[in-house]
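The values are calculated or read from the model by the stated rules, or taken from the named source; none is laboratory data. What you see is a predicted model; the values in this text were computed from it and never measured. Note that we place each Cβ from the backbone using ideal geometry, even for glycine, and neighbour counts take in every protein chain shown. Please note that ligands, DNA and RNA were not included when accessible areas were found on the heavy atoms of the full protein model with its side chains. Shrake-Rupley method; radii C 1.70, N 1.55, O 1.52, S 1.80 Å.
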Amino acid sequence: MAGSNEVIRIFNHYVSRTGLVLLLLEMLILQAASVLTALIWEGQGLDPHAPLDLVLSALAFALVNAFSMSSLGMYQQAVREDMRTVLARIVPAFVLGFALLSALMHVVPAIHFGPARGLAFVLGGAGVLFTRVLLFTSAQSSMMVERLILVGDGVLARECLALAASPDGSRRFVVVGCVPVPGEASCVPAAKVLPAGESLLSLARRHNATELVVSVGDRRSGAYPVRELLDCALGGVKVTDAAHFFEREASQIRVDSLQPSYLIFGGGFDQSFLRAAVKRSFDLAASAAICIATLPVMLVAAVCILIEDGGPVIFRQERVGKDGRRFQVLKFRSMGQDAEIDGRPRWATAGDPRVTRVGHWLRKLRIDELPQMINVFRGEMSFVGPRPERAYFVEQLGREIAYYDVRHSIKPGITGLAQVRYQYGASVDDAVRKLQYDLYYVKNNSLFLDLMILLDTVQVVLSGKGAR
């Protein structure tokens, strides 16, 4: 069934349609559980303002629990999850939701549940679990699987195969096979190569493929099947370029096969005054809220650093920001005072021996990044954006990696897409892989994407995984 598990584009960012529908459906279920609980316990003896309080309480209940579930990744990979994973996540998600809702009730008195709060969570959890069971059952059917044919069998096709099989994606794919193109060295398993002699449209219809992904490295060759691809498009089979496939499914703009025309004519790159004003307002509001919420944590972190080795609490280091301007980034010091005593810059690595015992936990929980709120207030950084790099490495990477300087067209951020999607980077190859996420963010940045990255950041902090 074509189109049953498609993605949709919201403010230039691709979102799984299944995940979005699931979110909206579970929001309704959670609100219904809250209202039902209130009616069971309160009956009709409500004051005239109770209906408004009832609606506000139900909305708060749904939003808090949806946020908690999203923070634990329950919408990002909903189609790929099995029931064991759902059960392992749903209990911690509702425990987190219970804690957040309890705190919110002290701040907003209009939100109240009386003694029935526990029942609301039981009903809401049961409704969510039932919905997930239905989703899990349908996810095993062919309706939720997209069938692909790759045009090409070279290096790019191999990368597309790996992406389609990745467990981290929001959709499930079956690659029927790869159509070889003359003049391109085969890099895919022989079992995945489709026999020659049949037209692309005929292949797609015979294998019930919903999409053709063009993964040909050299398109200047006379063997490039332009006419056959046109026949497929006219025949109702979706034809997608590999670059678009990676952008849509992995939130990456591939550097190795990137043509300048893709960036020039591909849309995005909103640098308007309205976008800048919205982003600045968001930066200030988010930074102020987090500063207030984490002030006790920052005070404890400062004391722990002083107790461990008596050195300075704040670490300052020159970084490269928007348009190549340099500034001093502020962090809680997580390494020893002699980390670079010889003055030679080094990549920070996972398990770096220069990290102190206190610093290990500061970095693991991302507490060391909190002083960068000051950089945001100064206008040197945004809350979300590519991570700022040291000038020494910027010069090196700019020489070795194409399009590296594109990431400096916007302000760097405290968190970013590369930080939540890729592991610790400590080499040029890692920098290339992280750049692919940075290019996607620069091209498609919006308030909506910033909010999605913040949710992913919460998930990374709670799980202790992700990049630096």
Condition set at pLDDT 90 or above and acidic (Asp, Glu), scope the range 119-161, selection least open to solvent (accessible area, probe 1.4 Å): answer is Asp153
Anything in the range 103-118 that is in contact (Cβ under 8 Å) with a residue 12 or more places away in the chain, open to solvent by less than 60 Å² (accessible area, probe 1.4 Å) and in a helix (DSSP H, G or I)? List them, or say none. Leu104, Gly114, Ala116, Arg117
Which of (1) within 16 Å of the chain's Cα centre (by Cα); (2) modelled with pLDDT under 85 is the odd one out, the single condition Arg84 does not satisfy? (1)
May I ask you to list the residues in the range 162-206 that are assigned to a helix (DSSP H, G or I) and open to solvent by less than 40 Å² (accessible area, probe 1.4 Å)? Leu163, Ala164, Leu200, Leu201, Leu203, Ala204
Would you kindly identify the helices (runs of 4 or more DSSP H) lying entirely within the range 211-309 that contain at least 3 residues that are under 25 Å from Val15 (Cα atoms) and of a type in the set (A, V, I, L, M, F, W, C)? 242-250, 260-265, 273-309
I need a count of the residues in the range 3-25 that are closer than 25 Å to Asn208 by Cβ, at pLDDT 80 or above and not aromatic (Phe, Trp, Tyr). 7
Given the conditions (1) modelled with pLDDT under 95; (2) more than 22 Å from Leu263 (Cα to Cα), every one holds for Met381 apart from (1)
Name the residues in the range 316-327 that are touching a helix residue (DSSP H, G or I) at 6+ places or on another chain (Cβ under 8 Å) and open to solvent by 60 Å² or more (accessible area, probe 1.4 Å), would you? Glu318, Lys322, Asp323, Arg326
Looking across the range 420-450 at residues that are open to solvent by less than 10 Å² (accessible area, probe 1.4 Å) and of a type in the set (Phe, Trp, Tyr), the single one that is farthest from Pro386 (Cα to Cα) is Tyr440
Which members of the range 216-260 meet the condition of being open to solvent by less than 60 Å² (accessible area, probe 1.4 Å), at pLDDT below 80 and among the polar types (S, T, N, Q)? Ser221, Ser257
In the range 262-282, which residue that is of a type in the set (Ser, Thr, Tyr) and open to solvent by less than 60 Å² (accessible area, probe 1.4 Å) is farthest from Val7 (Cα to Cα)? Ser272
Between a residue in the range 8-37 that is in a helix (DSSP H, G or I) and any residue that is hydroxyl-bearing (Ser, Thr, Tyr) and at pLDDT 85 or above, which pairs come within a Cβ distance under 9 Å, given they are 6 or more apart or on different chains? Leu22/Thr131; Leu23/Ser70; Leu25/Thr131; Glu26/Thr131; Ile29/Thr131; Ser34/Ser57; Val35/Ser57
